[in-house]
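> Handing you a structure now.
The values are calculated or read from the model by the stated rules, or taken from the named source; none is laboratory data. Being a predicted model, the structure only gives us computed values, none of them experimental. Glycine gets a Cβ as well: all are built from the backbone with ideal geometry, and neighbour counts include every protein chain shown. Just the protein is used for accessible areas: all its heavy atoms, side chains included, with ligands, DNA and RNA removed. Shrake-Rupley method; radii C 1.70, N 1.55, O 1.52, S 1.80 Å.
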Amino acid sequence: MERRRVVITGLGVISPVGNSVDEAWESVKNGKCGIDTISLFDPSRLPVKIAAEVKDFDVTRYGIEKGVVRKMARFSKFCLAASAQAVADAGYTKETLQKERNGVLVGCCLGGMDAAGEGFQKVCDPEAGPLRMPPLTTPLMITNEAAANVNIYYGIQGFSWALGTACASGTDALGLASDMIRAGRCDVCIAGGTEAAITEFSVASFVKLQALASKFNDEPKKASRPFDKDRDGFVLGEGSAMFVLEELEHAKARGAKIYAEVAGYGASCDGFNITAPLKDGSGAALAVKEALRDAGVQPDAVQYYNAHGTSTHANDVGETNMLKSVFGDYAKKLHISSTKSMTGHLVGAAGAIEALFCVKAMQDGFVPPTINIENQDIEGGCDLNYTPNVGVKADITVAASASLGFGGHNGCIILKKYN
């Protein structure tokens with residue numbers, strides 16, 4: 001029996017570099033950075049004062065009434081807006097989508113940190129106290145609410161899942177959604193990732209881990225510098241990228257436009273440390289090798305790899321070692337870039353937005369750059385071609401995107417250009 005094939009028929013994004021697919025893609029193509037001084041809270045008490053915030057977000061732009069999102073946390077609002085873009089892009093309406101065998105699967109790591117923070121403030125305020133906590137604190141902050149709100153808005157009664165594998169959440173959500181379609185559990189799935197964790201509590205938590213960039217507060221757009229010798233941590237970002245995934249014959253039968261095929265998926269765990277990756281990248285290599293096997297492609301068939309590329313010392317070296325392990329000598333010829341240099345790290349949504357950029361890279365035949373590589377850390381082991389500072393044209397028929405999360409969670413998807 002021939003395996004069911006999964007294709008992408010709809011795209012949507014809310015991000016620090018643009019709140020539509022075209023706007024976000026044009027930004028990263030041209031090296032435009034979305035990192036700036038934090039405006040969502042007063043960062044004066046912290047040594048890190050920068051983040052990649054979503055700007056000029058207006059939910060009504062996507063046909064959603066403001067009243068619909070009144071009882072949603074920021075991460076759910078982003079997810080619904082990105083989903084609305086993807087659904088419309090795929091040619092669906094609420095009525096037609098409800099008739100399908102469908103589901104929703106959203107990767108999210110931290111959830112409604114804005115709602116949790118507001119609740120904590122009430123608890124700690126001696127003039128308020130715990131009984132003055134907003135009554136919707138729980139449904140606003142729990143990670144499943146983004147997926148649930150998409151189901152509620154569209155009246156979708158298929159499965160509704162939230163997947164939390166730290167920074168690999170978005171990639172794993174796309175992979176699992178593809179597996180559900182392959183298995184015949186559904187024909188259509190709205191899938192991707194979302195995150196909105198730029199709060200004082202969240203930033204302080206990452207500061208205590210010494211994970212965030214802190215040397216570039218006065219030059220925010222230079223702060224995220226994957227594979228550069230002067231990197232000193234990642235920059236926290238926010239946003240959502242959502243897809244409509246569909247079984248190939250089902251998509252063809254309704255005359256849908258097809259962006260790309262989700263050809264393979266692999267996952268693994270380092271089984272090593274709650275925050276640090278294996279230095280040799282061997283855990284992540286297992287996920288990438290499995291994704292390649294699942295897609296039925298050889299390593300040298302991949303033209304573009306969108307790196308996890310966080311701009312931390314540990315990740316960038318370990319990921320480079322992983323690429324050398326998987327791709328061998330071909331790793332030197334592989335087009336690589338980290339779009340986190342422009343978007344910041346969207347945590348649970350990172351893998352989803354990076355998969356979206358892979359789709360656009362194949363569509364346009366263009367490799368986006370890794371900006372801020374001013375002094376590539378060759379001596380430190382980062383000695384591959386990361387497309388420094390300026391993007392390049394390339395014929396891309398197969399692209400890979402991997403995400404490597406806290407706890408050692410690794411996920412990789414292989415995307416093919418659809419002919």
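> Taking region 16-45, which residues are closer than 17 Å to Ile371 by Cβ, aliphatic (A, V, I, L, M) and either without any contact (Cβ under 8 Å) to a residue 12 or more places away in the chain or not in a loop (DSSP other than H, G, I, E, B) (or both)?
If we filter region 16-45 for residues that are closer than 17 Å to Ile371 by Cβ, which is where we start, we get 16-18, 24-36.
So of that shortlist, the ones also aliphatic (A, V, I, L, M) come out as 17, 24, 28, 35.
Once the filter is applied, which keeps residues that are closer than 17 Å to Ile371 by Cβ, aliphatic (A, V, I, L, M) and either without any contact (Cβ under 8 Å) to a residue 12 or more places away in the chain or not in a loop (DSSP other than H, G, I, E, B) (or both), region 16-45 yields Ala24, Val28.
> Now, a different point. Do any residues in region 402-419 that are assigned to a strand (DSSP E or B) have Cβ atoms under 6 Å from those of residues that are aromatic (Phe, Trp, Tyr) and at pLDDT 95 or above, where the two are at least six apart or on different chains, and which pairs are they?
Going by the 6 Å Cβ cut-off, the qualifying pairs are Ile413/Tyr265.
> Could you list, ordered by first residue, the pairs with Cβ atoms under 6 Å in which the first is in region 56-67 and under 18 Å from Asp89 (Cα atoms) and free of Cβ contacts under 8 Å to residues at least 24 places away in the same chain and the second is open to solvent by less than 60 Å² (accessible area, probe 1.4 Å) and among the aliphatic types (A, V, I, L, M), at least 6 apart or interchain?
Close Cβ pairs satisfying both conditions: Val59/Val69; Val59/Ala81.
> Under 8 Å between Cβ atoms, at least 6 apart or on separate chains: pull out the pairs that start in region 334-359 with a residue that is on the phi > 0 side of the Ramachandran plot and end on any residue that is open to solvent by less than 10 Å² (accessible area, probe 1.4 Å) and among the hydrophobic types (A, V, I, L, M, F, W, C).
Gly344/Ile35; Gly344/Ala51; Gly344/Ala52; Gly344/Val235; Gly344/Leu236; Val347/Ala197; Val347/Leu236
> Hey, another quick one. Consider Phe243 carefully, then state whether it is more than 18 Å from the chain's Cα centre (by Cα), aromatic (Phe, Trp, Tyr) and over 17 Å from Leu384 (Cα atoms). Spell out the reasoning first.
Values: more than 18 Å from the chain's Cα centre (by Cα): no; aromatic (Phe, Trp, Tyr): yes; over 17 Å from Leu384 (Cα atoms): yes.
Against the criterion (more than 18 Å from the chain's Cα centre (by Cα), aromatic (Phe, Trp, Tyr) and over 17 Å from Leu384 (Cα atoms)), Phe243 does not qualify.
> Mind listing whichever residues of region 253-275 are over 22 Å from Gly12 (Cβ atoms) and not polar (S, T, N, Q)?
Here is the first cut: in region 253-275, the ones over 22 Å from Gly12 (Cβ atoms) are 253, 264, 266-275.
Those that are over 22 Å from Gly12 (Cβ atoms) and not polar (S, T, N, Q): Ala253, Gly264, Gly266, Ala267, Cys269, Asp270, Gly271, Phe272, Ile274.
> Only one of Val48, Val13 is more than 23 Å from Leu174 (Cβ to Cβ), open to solvent by less than 30 Å² (accessible area, probe 1.4 Å) and either in contact with a Phe, Trp or Tyr (Cβ under 9 Å, 6 or more places away or on another chain) or in a helix (DSSP H, G or I) (or both); which? Explain how you work it out, then say what you get.
On the way: Val13 fails: more than 23 Å from Leu174 (Cβ to Cβ).
Exactly one residue qualifies, and that residue is Val48.
> Output the number of the condition that Thr370 fails; it satisfies all remaining conditions of (1) under 19 Å from Ile413 (Cβ atoms); (2) β-branched (Val, Ile, Thr); (3) touching a strand residue (DSSP E or B) at 6+ places or on another chain (Cβ under 7 Å).
Only one criterion is unmet by Thr370, namely (1).
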